[in-house]
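Derivation of every value follows stated rules applied to the coordinates shown; laboratory data play no part. Given the structure is predicted, the values throughout are model-derived calculations rather than measurements. FYI the Cβ positions are ideal-geometry reconstructions off the backbone, even for glycines, and counts take in every protein chain you see.
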Amino acid sequence: MRRSHLAGFAVTVAWSLLSFAATALAQSTTGLVPLTDMGAGTYLGYSGGLYGGGSNVPPAAHLTAALAKAAEIVPRDAAGAPNANGWIGMIAVGMSNTTHEFGAFERNADTDTTRNARVVLIDTGFGGMSADVIANPLAPYWTTMNQRITAMGLTAAQVQVAWLKEAIPGPANDFPVHALALRDSIAHVVRNLHDKFPNLKIVYLSSRIYGGYQLQGGTSPEPQAFESGYSVRWLIEQQIAGDPLLNHDAAAGPVRAPLLLWGPYLWANGTSPRADGLTWPITDIETDRVHPAPSGEQKVAGLLSAFFASDVTAASWWPAQPGARLRVFDATDDAHVSAAFPSTNYGASTLLYASQGTDVRAIHLKFDTHGVLADSVLLAKLSLRVLTIGGGQLRRLDDWSWNEGSVTSATAPTLGPLLMSLPQSSRDGTWGANVTTTVRADSVGTVGFTLTTPSINPTDYWSKEGGHAPRLVLVVTTPPVAGVTPGGATAARPRLGFASAHPAASRLAIAFELPRAGEARLALYGVDGRLVRTLAQGVRAAGRHEIVWDGRDDRGATAPPGIYFARLSAGNTHESKRVVMLGL
């Protein structure tokens, strides 16, 4: 190649790199403003705010209805009747992004001892199951969902909470047409949920994360990813406006849907921080520019955790309750073995494989549960993080003499009895199975399992060396709490009183009582779940206490007039009540 051609080639390459850099930079942010930050602004003539008109909080009447529904979220038996020894099923509804994000959230929440141990999280999202697909009540998705719920030992009647994140892939850039189509598809989905889960009380919805790293014509580009927020908002607004096809109130006619609320809002303007600091740099997105990378999964998982820990509609059912708590045991040994390579040890592998065909592989797991009394176990969940495909057959493993550093196909323990067959799950999700009977039968403090598959397509999971250890999530009984009788009736317990007007103008007096001295916290939250003011925290004497709120938040700024929620936390008791501040 001649020098002039080389020079021209170099200029062309340099110009191409500059153009690519400019394009990448342009895609890292847009001129769009998050719905939560829009205030009085508009987008193409439509107001901002999660609930319209610049507001990020539900109208008072809808919030009141939501709190009433939340109060009905209680442990239920298999038939759906309230039962203190029952369970609260919480599911995820949606596509691949949904299962990626809920999978990370579930893994984190299963180690969170501040949450209610009787809430059983089940990742029931699935790749490719977009809103237009599962709008069909006969879609195979619903069968797989039921199989996963059954694998966890729950029934449809125990499912009471859902997180729904949906989309229609490759939407045209024709707002509001594509956003209305998504709204209408999700409406069918929530009606399907109502029909399939009779005690489903609340569905929390989220829209897409940032999509600006895709080109127009992709699965979820901008501005369509941003505009999906309007799909969710318009659906909730339809329910608030009294659409009979979304009615949740039996007093208003036939119930056709659960109550709908915003969950965490996930969209931010790429690398431009929104008001709470959330950003979506390209490192949080997979190379396909569609799905969240591990850091992005954890970002959404954190938003979900923060939401349920602080939202007033979760205050009655999400925090830890007396009588049960979580204990988690990561696998001490995890390895797969290969019949095609009978002398090879895979104990240090970051992945676990099961397959049939020309290379029969099986996964062996071992857990040390010393310190747990078998008869204290109320529920045992075997949980694995899926790599690409999960499912297959679960067997009990009664031979614990093997270890991951030496086990091979030639020395592998004999397979135990079949416990259950598990439905397929999709990549980056979480796979769970109820193994309570096996754990309760343990008398030596060690339990083991084997995973196999009848399919020639391998099922694969992360190992502990891959950073996602297979684990046993146990719900165990806790010692009786002072003041709680064996029959369930409560004696003296911390009580939160109603707020009353204070002689000083525009102030509220909030009273609470403690039956005994101890740590107590009284805090005020906005209707959006954000902490406004910590009014009291620390050890308090037994008896009645009264705290005066001066109408200011923790920063000293004047809080706007409106509805707030006072929350008292003392011991294992959590109680919330609505208060109204008229303003300074």
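Assorted remarks:
- C-alpha center-to-center spacing [segment 163-212, segment 353-419] in angstrom: 37 Å
- Taking 20 °C and 1.002 mPa s as conditions, segment 22-314 diffuses translationally at an estimated 112 µm²/s according to Stokes-Einstein applied to its Kirkwood radius (Cα pairs).
- A dipole drawn for the chain from +1 and -1 charges on Cβ atoms has a positive end, and of Pro515, Gln356, Ser455 the residue lying farthest that way is Pro515.
- Based on alpha-carbon atoms, the Kirkwood radius and the radius of gyration of segment 373-426 give Rg/Rh equal to 1.02.
- Segment 235-314 and segment 509-565 have Cα centres separated by 28 Å.
- Placed amide H near Val532: partners under 5 Å, 5+ positions off or other chain: Leu524, Tyr525, Gly526
- As a rough guide to protection, the peptides 138-150, 552-564 ranked by mean Cβ packing within 10 Å, highest first, stand as 138-150, 552-564.
- Shape parameters for segment 157-255, alpha-carbon atoms, Rg then Dmax in Å: 14.8, 48
- Cα gyration tensor, the chain - rounded (a/c under 1.5), prolate or oblate: oblate
- Spatially close Lys pairs in the chain, defined by Cα atoms under 21 Å apart and a spacing of eight or more places or different chains, total 11.
- Total charge dipole magnitude, the chain, about the Cα centre, Cβ charges on Lys, Arg, Asp, Glu only, Debye to nearest 20: 940 debye
- Working ranking of peptides 155-166, 234-245 by packing, defined as the average number of other Cβ atoms within 10 Å per residue, highest first, is 155-166, 234-245.
- Prolate/oblate/rounded label for segment 319-423 (Cα gyration tensor, a/c 1.5): prolate
- Rounded to the nearest 20 debye, the dipole size of segment 22-314 about its Cα centre is 420 debye, using +1 on the Cβ of Lys and Arg and -1 on the Cβ of Asp and Glu.
- Positive-end residue of Val328, Tyr346, His178, charge dipole of the chain with Cβ unit charges: Val328
- Calculated mean residue ellipticity, 222 nm, the chain: -7000 deg cm²/dmol, from DSSP H runs (n ≥ 4) at -39500 (n - 2.57) each, averaged per residue and rounded to 500.
- Using the empirical formula 2.2 N^0.38 Å as the baseline, the Cα radius of gyration of segment 208-259 reaches a ratio of 1.59.
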